[in-house]
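The values are calculated or read from the model by the stated rules, or taken from the named source; none is laboratory data. Since the structure is predicted, the reported quantities are computational estimates derived from the model, not experimental observations. Every residue, glycine as well, gets a Cβ built from its backbone with ideal geometry; the counts of neighbours run over all protein chains shown.
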Amino acid sequence: MPIPVLSLPPDARTNYVISQLEGEKLTIPGSKGTFRILASAKQTNGAMSIFQSGAVLSDAPGFHFHNYAHDVFMVTKGFLKLYNGPKCRIMGPGDFAYIPPAIIHNPELLGPHTETVGLVTPGNWIDFFRYVGETYHGLIVPEHDNRDLKGHIVSKMIPAMQAKKDFDVNFVRDPNFKPPAVSDWEGTENVLPGELEPYFLRANTGPRWMAGGIMSRPFITTKQSGGKFAISSIESSGDYGASGLFEKYVAFPSVDHCFVVFEGALKVNLKGEEAWTTVREGETLVIAAGQAFKLGFGSKYVRAWSFTGGKGIEALVEAAGDPYEAFVLPDRADVLGADKVRVACGEIGAELE
């Protein structure tokens, strides 16, 4: 069967495509924004939730932290002021931030229309959005929703706390708490740090790896997330022809993949299917753990962000490839031998089929 194109995530761990601006759409009253959930606990066996969010200028939710959940913020449009532990930055398109557990943070959308992509683990944390939100039936965002955001959240959280429901959202109540001042980006915010450290990563910086014409620019790897997840920009070109990285089908036994396509046309072929599925700009592809697949590239330039619940395609590109010093794709792809791919798969626990 071809990969189904859906407007809502399915009720099981399976392969699917989500159409542009679709997903499980929620709005928190007064936020002037939406959350479009692309995958959550049911689709990833509890490992992670991936969602797009957008809003016009509105109040921030308040300073808070999570005891267990990991949070990321990735800006795709507009500007976001993010307090992240001891630092505060104005984030623009392509900028990334990681917030491990116990770190106080607060996101403030600066507008006029800001869009982000987020990941949170464990995947059931997204139930907090479902609890405080309501289904959204509109097109993009409820720009004219003038309800009291903070009052609504307080009215929902008080009975939740009384009922001892734990959504792992802990608001800062210390009257002496002083948030950090917003400051300029530092020259050191272009590398990946150690394990479980909060950090910002400037757009188009960080490490780059190239394998068979596929480039990976990781925002975060399992080394930083304590083994929980990885996120990378995957880039290539249809002009290269078939990639040696996917000469055979590759399966990741316990790792789900979610690809959010930003430019061009990403192609995927599942083992057992003759036809290729094309996933275009604005669409999202989810491949369930254990599913053997090949990736292809259907346009001159393709860029998709990959979200994986462990070592996935980003780790395969790194293990099979080499560090890449340039910033854009080369005119010609390097040749990648089958032996190198087989060894790389063994290193990261993937399987060639």
How many residues does region 226-274 contain that are over 17 Å from V17 (Cα atoms), among the polar types (S, T, N, Q) and more than 13 Å from the chain's Cα centre (by Cα)? 4
Kindly evaluate V343 against the criterion of being assigned to a loop (DSSP other than H, G, I, E, B) and either farther than 19 Å from A230 by Cβ or touching a residue at least 60 places away in the same chain (Cβ under 8 Å) (or both). no
Conditions: (1) out of contact with any Cys (no Cβ under 6 Å at 6 or more places or on another chain); (2) touching a residue at least 24 places away in the same chain (Cβ under 8 Å). A39 meets all but one. Number of the miss? (1)
Pairs under 9 Å by beta carbon, first residue on the phi > 0 side of the Ramachandran plot in region 102-130, partner surrounded by 18 or more Cβ atoms within 10 Å (Cβ to Cβ) and part of a strand (DSSP E or B), six or more apart or different chains? A102/F65; G111/A55; G111/V56
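Within the group V268, V317, V328, which residue is of a type in the set (V, I, T) and without any contact (Cβ under 8 Å) to a residue 12 or more places away in the chain? Let's see the steps before the verdict.
On the way: V268 fails: without any contact (Cβ under 8 Å) to a residue 12 or more places away in the chain; V317 fails: without any contact (Cβ under 8 Å) to a residue 12 or more places away in the chain.
Criteria check complete, one pass: V328.
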What is the residue count in region 175-219 for residues that are more than 17 Å from P107 (Cβ to Cβ), touching a residue at least 24 places away in the same chain (Cβ under 8 Å) and buried (at least 20 other Cβ atoms within 10 Å of the Cβ)? 10
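Can you find, within region 13-62, the residue that is surrounded by the fewest Cβ atoms within 10 Å (Cβ to Cβ) among those that are assigned to a strand (DSSP E or B) and among the charged types (D, E, K, R)? Can you show your working first?
So in region 13-62, the residues assigned to a strand (DSSP E or B) come out as 16-18, 24-27, 33-39, 49-56.
Those still in the list that are among the charged types (D, E, K, R) too: 24-25, 36.
Values: E24: 21, K25: 19, R36: 22.
For region 13-62, the residue satisfying everything is K25.
Sort through K25, K32 and tell me the only one that's under 16 Å from T284 (Cβ atoms) and touching a residue at least 40 places away in the same chain (Cβ under 8 Å). Break it down stepwise before answering.
Values: K32 fails: under 16 Å from T284 (Cβ atoms).
Criteria check complete, one pass: K25.
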If you go through region 314-338, how many residues are outside any loop (DSSP other than H, G, I, E, B) and surrounded by fewer than 22 Cβ atoms within 10 Å (Cβ to Cβ)? 4
Within region 252-269, identify whether any single residue is touching a helix residue (DSSP H, G or I) at 6+ places or on another chain (Cβ under 9 Å), closer than 21 Å to I220 by Cβ, of a type in the set (F, W, Y) and not assigned by TED's automatic domain parsing to the domain that holds D11, and answer yes or no. yes
Just need a number here: residues in region 1-12 that are surrounded by 15 or more Cβ atoms within 10 Å (Cβ to Cβ) and among the charged types (D, E, K, R). 0
Does region 109-127 contain at least one residue that is surrounded by 17 or more Cβ atoms within 10 Å (Cβ to Cβ), more than 22 Å from I220 (Cβ to Cβ), out of contact with any Gly (no Cβ under 8 Å at 6 or more places or on another chain) and in the same structural domain as A47 (by TED's automatic domain parsing)? no
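With respect to K164, determine if the residue is in a loop (DSSP other than H, G, I, E, B), exposed (fewer than 12 other Cβ atoms within 10 Å of the Cβ), of a type outside the set (D, E) and not assigned by TED's automatic domain parsing to the domain that holds S31.
Values: in a loop (DSSP other than H, G, I, E, B): yes; exposed (fewer than 12 other Cβ atoms within 10 Å of the Cβ): yes; of a type outside the set (D, E): yes; not assigned by TED's automatic domain parsing to the domain that holds S31: no.
It is false that K164 is in a loop (DSSP other than H, G, I, E, B), exposed (fewer than 12 other Cβ atoms within 10 Å of the Cβ), of a type outside the set (D, E) and not assigned by TED's automatic domain parsing to the domain that holds S31.
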Residues that are buried (at least 21 other Cβ atoms within 10 Å of the Cβ) and more than 18 Å from the chain's Cα centre (by Cα), drawn from region 71-103: Y83, R89
